[in-house]
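Below: one structure, written as structure tokens.
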Amino acid sequence: MKALKIVIIMMLILGFAASVAFAAGNAANGKALFEGKSLSSSGMSCTMCHRGSLKPELHKFKTYEEAVNYMITTNLHGKALNPKGKRMADLVAYLKSLNAPKRRVITGC
């Protein structure tokens, strides 16, 4: 009985870890969405206006998800994404990677 409890607890922990990893999104997939035209009904991509930094636009919104859906529906004339969906998670991961501080490698002393 004790072994069964341990197995169940381990399965719950692994399930939680997998859901957290999924929620984090994949920046490479987000970059492909950002550069592609699948989010638009007008044949545009995000990169046609945004090249490398989004900081000026992001301060206007409470969340990345809100900013993404505003840009998709307003500028790209596309359909809003599910705020909890995989494509949104991927886009948010990519956007956060754009605004992340760059690592500097220091060599020699």
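The values are calculated or read from the model by the stated rules, or taken from the named source; none is laboratory data. If you're wondering where the values come from, they're calculated on a predicted model, not measured in any experiment. Note that each Cβ is placed from the backbone with ideal geometry, even for glycine, and that neighbours are counted across all protein chains shown.
Whenever a residue of segment 35-46 is of a type in the set (Lys, Arg), its partners that are at pLDDT below 95, lying with C-beta atoms within less than 6 angstrom and at least six residues away or across chains, give the pairs Lys37/Gly43; Lys37/Ser45. For segment 73-82, the condition holds for at least one residue, the condition being that it is under 20 Å from Cys49 (Cα atoms), part of a helix (DSSP H, G or I) and modelled with pLDDT of 90 or more. Could you grab me the full set of residues in segment 72-89 that are without any contact (Cβ under 8 Å) to a residue 60 or more places away in the chain and among the basic types (Lys, Arg)? The answer is Lys79, Lys84, Arg87. Considering every residue within segment 34-56, establish whether at least one is touching a Gly at 6+ places or on another chain (Cβ under 7 Å), crowded, with 16+ Cβ neighbours inside 10 Å and part of a helix (DSSP H, G or I). Checked segment 34-56: no residue is touching a Gly at 6+ places or on another chain (Cβ under 7 Å), crowded, with 16+ Cβ neighbours inside 10 Å and part of a helix (DSSP H, G or I). In the set (1) small (Gly, Ala, Ser); (2) on the phi > 0 side of the Ramachandran plot; (3) modelled with pLDDT of 95 or more, Ala28 fails one condition alone, (2). For segment 61-72, a residue qualifies if it is part of a helix (DSSP H, G or I) and aromatic (Phe, Trp, Tyr), and the qualifying residues are Tyr64, Tyr70.
Scanning segment 83-101 for residues that are at pLDDT below 95 and surrounded by fewer than 11 Cβ atoms within 10 Å (Cβ to Cβ), which turns out farthest from Ala27 (Cα to Cα)? Among residues in segment 83-101 that are at pLDDT below 95 and surrounded by fewer than 11 Cβ atoms within 10 Å (Cβ to Cβ), the one farthest from Ala27 (Cα to Cα) is Pro101. Pairs are defined by a Cβ separation below 6 Å, a sequence spacing of at least 6 or placement on different chains, a first member in segment 51-67 that is closer than 15 Å to Tyr94 by Cα and modelled with pLDDT of 90 or more, and a second member that is part of a loop (DSSP other than H, G, I, E, B) and of a type outside the set (Val, Ile, Thr); the pairs so defined are Glu65/Pro83; Ala67/Phe61.
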